[in-house]
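S.K.: This structure is in structure tokens; I'll ask about it shortly.
Bear in mind that the values in this text are calculations on the coordinates, not laboratory data. Values in this document were obtained by computation on a predicted structure and should not be read as measured data. Positions of Cβ are generated from backbone atoms using ideal geometry, with glycine treated the same way; all protein chains shown enter the neighbour counts.
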Amino acid sequence: MSQPVTATSSTESLSLNELTTLLQQIFERHGTSQAVAQVLADNCARAQRDGSYSHGVFRIPGYLASLASNWVDGQAVPKVEDVASGFIRVDAANGFAQPALAAARGLLVEKARNAGIAVLAIRNSHHFAALWPDVEPFAEEGLVALSVVNSMTCVVPHGAQKPLFGTNPIAFAAPRAQGNPIVFDLATSAIAHGDVQIAARKGHLLPAGMGVDRQGEPTEDPKAILDGGALLPFGGHKGSALSMLVELLAAALTGGNFSFEFDWKKHPGAQTPWTGQLLIVIDPSKSGGNSFAQRSAELVRQMHAVGLERMPGDRRFIERAKSQDAGIPLGVEELTKLRALATHR
Ligand code: NDP
Ligand code: PYC
């Protein structure tokens, strides 16, 4: 789900570089190292550019509140451990997950190309962003990538009465010949928590089946979900099983927290989940068959041949192309606030 920002007289359009620079200034001004600011700003600006509005500039106040509450360490230096031919562990040192991935990325690609497959297990990390930016670049260099990250307790497992799981997204990217890579990135909850917050702010109702109120009764009111209610997994028992998979791979396997294992109550304002993240990267050239990228192009061709009009990722690629021509539109009021954050704490 997304909330398009259409260019109008009350918007101003920035290039990707301009927005990244502004966001970098904000992060640094609010206590991150330059290295962390660069990684987070790049991630957040690309999300905004692609129309991933629940994880673009909308997230800045949450990042800054978490930093201000000393819940997350914006100066953390990740510790990368090369533990096996196909396995890297990273202790993010209570910092953000993306700088941990950046620190291990070169070694991860080298291992995937040598062994055919490699795992990156990040723990002690905070992931507050869209997941597709973590996997898409691997596909752009011919690799297949899968990532999972767990978040914070707000999803009721199918058949249970109380929330336990996080919104726990799964992102996948694969190269495709003569086209954009195949990329999907989806919360295992019926809707991302960020989109519930956006709907609440705008006074919109949600479609049926997304969540329950504090009494456990189905509700379409996003405020009732946020005020003591909870979300449901997508697809009933099937999404619930995938959410459990994410808890196992992103937390149990990495040494990170399950979504229910941390409590930010002692850090007022904290919003970033303190959990773990797993990435699996595969070099498809090792399969020895026809070029994987040609095969994925064939799959997409056949999907279109049976009537499919929109692939996952298409909406983002269209938004990206638009912003390359016209810039990234931001509301003037929002931009004024962002500019103020870049100069004042
Ligand atoms: P959506 O339901 O909007 O989209 C999920 C995927 O389905 C996307 O790849 C999307 O492609 C694709 N898609 C959407 N509609 C269609 C359609 N009609 N036909 C074909 N494909 C379609 O995303 P979610 O609400 O599940 O998640 C939003 C974001 O929230 C994600 O980026 C996720 O990583 C993030 N998130 C992050 C968390 C964290 O802990 N860091 C926790 C939970 C969510 P497209 O992108 O082109 O629209
Ligand atoms: O939108 O569900 C979400 C989310 C959780 C953590 C970051 N985003």
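S.K.: Pull out a ≥ b ≥ c, the square roots of the eigenvalues of the alpha-carbon gyration tensor of region 266-314, then state rounded if a/c is under 1.5, prolate if not and a/b is larger than b/c, and oblate in the remaining case. Spell out each step's value before the answer.
M.R.: Numbers: a/c = 7.03, a/b = 1.83, b/c = 3.85.
Oblate.
S.K.: Using the Cα gyration tensor of region 176-289, with a ≥ b ≥ c the square roots of its eigenvalues, what is the shape: rounded (a/c below 1.5), prolate (a/b larger than b/c) or oblate (neither)?
M.R.: Details: a/c = 2.17, a/b = 1.54, b/c = 1.41.
In terms of gyration-tensor shape, prolate.
S.K.: Over 32 Å between Cα atoms: which of LYS223/LYS265; LYS162/LYS322; LYS162/LYS202 fall into that group? All intermediate terms of the calculation are to be shown ahead of the outcome.
M.R.: On the way: LYS223/LYS265 20 Å; LYS162/LYS322 42 Å; LYS162/LYS202 27 Å.
The pairs that break the limit, which is 32 Å between Cα atoms, are LYS162/LYS322.
S.K.: Highest mean first, how do 191-198, 256-263 rank when packing is the count of other Cβ atoms within 10 Å averaged over residues?
M.R.: Sorting 191-198, 256-263 by mean packing, highest first, produces 191-198, 256-263.
S.K.: Continuing with the same structure: What residues have an amide H closer than 5 Å to that of GLN75, excluding those fewer than 5 places away on the same chain, when H is modeled at 1.01 Å from N in the peptide plane?
M.R.: SER33
S.K.: Run lengths n ≥ 4 of DSSP H only: what is the helix-derived mean residue ellipticity at 222 nm for the chain, with -39500 (n - 2.57) per run over all residues, to the nearest 500?
M.R.: On the way: 11 runs with 131 residues, N = 345.
Mean residue ellipticity, 222 nm, calculated: -12000 deg cm²/dmol.
S.K.: Just to check I understand the Karplus step: with θ = phi - 60° and J = 6.51 cos²θ - 1.76 cosθ + 1.60, what whole-Hz values come out for region 196-212, glycine and proline as x?
M.R.: 5, 4, 5, 4, 4, 4, 7, x, 8, 7, 9, x, 5, x, 8, x, 10
S.K.: Spelling out what I want: for every residue of region 41-53, take phi, set θ = phi - 60°, compute 6.51 cos²θ - 1.76 cosθ + 1.60 (Karplus), and round to whole Hz; glycine and proline get x.
M.R.: Each residue of region 41-53 in turn: 5, 4, 4, 5, 5, 5, 5, 5, 4, 7, x, 8, 5 Hz.
S.K.: Only counting other Cβ atoms within 10 Å, I'd like ASP213, ASP50 sorted with the fewest neighbours first. List each step's numbers first, then the result.
M.R.: Working: ASP213 17, ASP50 25.
Listing ASP213, ASP50 from fewest to most nearby Cβ atoms yields ASP213, ASP50.
S.K.: Restricting to region 75-227, compute how many DSSP beta bridges are antiparallel as a %, nearest 5. Present the calculation step by step, with values, prior to reporting the outcome.
M.R.: Working: 17 of 24 bridges.
Antiparallel bridges: around 70 percent, rounded to the nearest 5.
S.K.: Using unit Cβ charges (K, R positive; D, E negative) and no other charged atoms, how large, in debye to the nearest 20, is the dipole of the chain about its Cα centre? Intermediate values should be presented prior to the final figure.
M.R.: Details: 30 positive and 32 negative charges, 20 e Å.
Here the chain has a charge dipole of around 100 debye.
S.K.: Take the Cα atoms of the chain, find their three principal axes, and give me the spread along each one in whole Å, biggest first.
M.R.: Result for the chain: principal-axis Cα extents of 52, 48, 47 Å.
S.K.: Starting from 0.36 nm per residue, how many nanometres of slack lie between THR21 and PHE184 once their C-alpha separation is accounted for? Spell out each step's value before the answer.
M.R.: On the way: separation 163, 0.36 × 163 = 58.68 nm, distance 2.74 nm.
Extra length available between THR21 and PHE184 comes to 55.9 nm.
S.K.: What does DSSP give for the chain in terms of the percent of beta bridges that are antiparallel, rounded to the nearest 5?
M.R.: 85
S.K.: Output wanted: per-residue J couplings in Hz (rounded whole) for region 148-159, from phi through Karplus 6.51 cos²θ - 1.76 cosθ + 1.60, θ = phi - 60°, x for Gly and Pro.
M.R.: Ordered by residue, 3J(HN,Hα) equals 9, 9, 9, 10, 10, 3, 7, 10, 7, x, 4, x Hz.
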